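Have a look at the structure below before the remarks.
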Amino acid sequence: MKFKKPINIFIHLLFSCTLFFPIACLKQTAYAEVLNNNNNDTLISISSLRKLHIFGSVEQMTHSSFIEGVVVANDEHDNIYKSLCVQDSTGGIVLLMDGVSLYQNYPVGSQIRVSIKNLFLTDYRRMVQLAASADTSNGNLVSVGISAPLYSKYISILKMNSPVIPLLVYPKNLTDSLQGRLIKIVGVEFASNDTAQTYADKKNKIGASRSLKFCIGGTIYLRTSGYADFAGVKLPIGNGELVGIYSVFNHEKQILLRDTSDILFSGQRCTGAAWLKNLPQ
């Protein structure tokens, strides 16, 4: 894996995009939403920031730009590790933080501004991240979060208690553009062979992926850390709706639960032709 040369957003727009991105060029329209503030920094949408990344590469941000968004998930229940999930109206992204108990300073609903200068865009198993540093010296990419003493340098809180409303998504619309966003899925239930399981292996601290089946057909996996405080809780056996952060692991579509209160399975389990196609053969 090779590092990309540092990217200056506006130089990139003025000159050929192939200078920095031989694989895929960025269009000028990606920055249509960029706004100027009084400090001559630029506000860039999260979706535009994500377009700067090429999977498998590392891009360093060098221009004085920032993103603004609402924290929609944190480490309060230890299912999300050393990171915040931040979204605006255009998309979401995972912000790596080298610290714990982040929820105390950055609770869900806090609107934050993140200065992206000198940060890095990376991805882990195709999940896009914004990190403080990236190292490939040992042959593998290691992304490191913002250290606690530098939180205030990169992150400022604009206001608290912003409304957090999940986006209703159907299985055909589960794409990479939803990464890091809070979504709601409906008409789902755990596969019959998972209903006797717990969310993860709490005793041995081993994470697990449990199959969620849509009544209309399709599957997404609920991923739970073995360190989550609800890892040892039994899975619900009914049918209903679930709210969580959309994630991927390579090409596996996943959803990360913030807390068991985000899952409401009070309905009857699925029946019908579409559901029969989901059953193990």
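Ordered by residue, what ³J(HN,Hα) values in Hz, to whole numbers, does the stretch 50-56 give under the Karplus form 6.51 cos²θ - 1.76 cosθ + 1.60, where θ = phi - 60° and Gly and Pro are x?
Taking θ as phi minus 60°, the curve returns 4, 5, 6, 9, 10, 3, x Hz for the stretch 50-56.
Normalised by the residues of the stretch 167-276, what does the relative contact order come to in percent, with Cα pairs under 8 Å and at least six apart?
29 percent
Of the listed peptides 114-122, 59-67, what is their order by residue-averaged count of other C-beta atoms within 10 Å, with the highest listed first?
114-122, 59-67
Around Val58, which amide H atoms from residues at least 5 apart in sequence, or from another chain, sit under 5 Å from its own amide H, with H modelled in the peptide plane?
Counting only residues 5 or more places away or on other chains, the set is Lys4.
Tell me the Rg and the Dmax, in Å, that the Cα atoms of the stretch 167-276 produce.
For the stretch 167-276, the Cα-based Rg and Dmax read 13.1, 39 Å.
In the structure displayed, which of Lys203/Lys253; Lys51/Lys213; Lys51/Lys172; Lys51/Lys117; Lys82/Lys159 lie more than 20 Å apart, Cα to Cα?
Beyond 20 Å between Cα atoms: Lys203/Lys253; Lys51/Lys213; Lys51/Lys172; Lys82/Lys159.
Amide H of Ser162: which non-local residues (sequence gap of 5 or more, or other chain) have their own amide H closer than 5 Å, using H built in the peptide plane?
Excluding prolines and chain starts, which carry no amide H, the hits are Ser110, Gln111.
Would you please put 175-187, 151-163 in order of how densely packed they are, using the mean number of other Cβ atoms within 10 angstrom per residue and starting with the highest?
Listed from highest to lowest mean packing, they are 175-187, 151-163.
Here, each number is a calculation from the coordinates, and none is a lab measurement. Keep in mind that what you see is a predicted model, and the values were worked out from it rather than measured. Virtual Cβ from ideal backbone geometry, glycine too; neighbours counted across all protein chains shown.
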